[in-house]
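Worksheet for the structure shown next.
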Amino acid sequence: MAERAGGIATEVDASHGVMLTHPRAVAEVVEAAARSGGGPVRR
């Protein structure tokens with residue numbers, strides 16, 4: 001789905017509560033998105 005929308009999917013080996021079990025990974029993705037200015041995030 002992300003590919004069809006022109007986005008990027010980030011996978012984390014976790015349950016559905018990823019923001020509770022891996023907060024650093026979630027924060028890194030959010031920060032990268034914020035820095036990108038709305039365009040695609042490049043890693």
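Of note:
- The chain: calculated mean residue ellipticity at 222 nm from DSSP helix runs of at least 4, using -39500 (n - 2.57): -12000 deg cm²/dmol
- Leu20 versus Ala2: modelled label distance in nm, points set 7 Å from Cα along the beta carbon direction: 2.3
- Against the chain, whose longest principal axis comes from its Cα atoms, helix 23-36 is set at around 10 degrees.
- Counting only Cα atoms, the chain measures 28, 22, 14 Å along its principal axes, largest extent leading.
No value in this document is a laboratory result; all are computed from the given coordinates. All values reported here derive from a predicted model rather than from experimental measurement. FYI the Cβ positions are ideal-geometry reconstructions off the backbone, even for glycines, and counts take in every protein chain you see.
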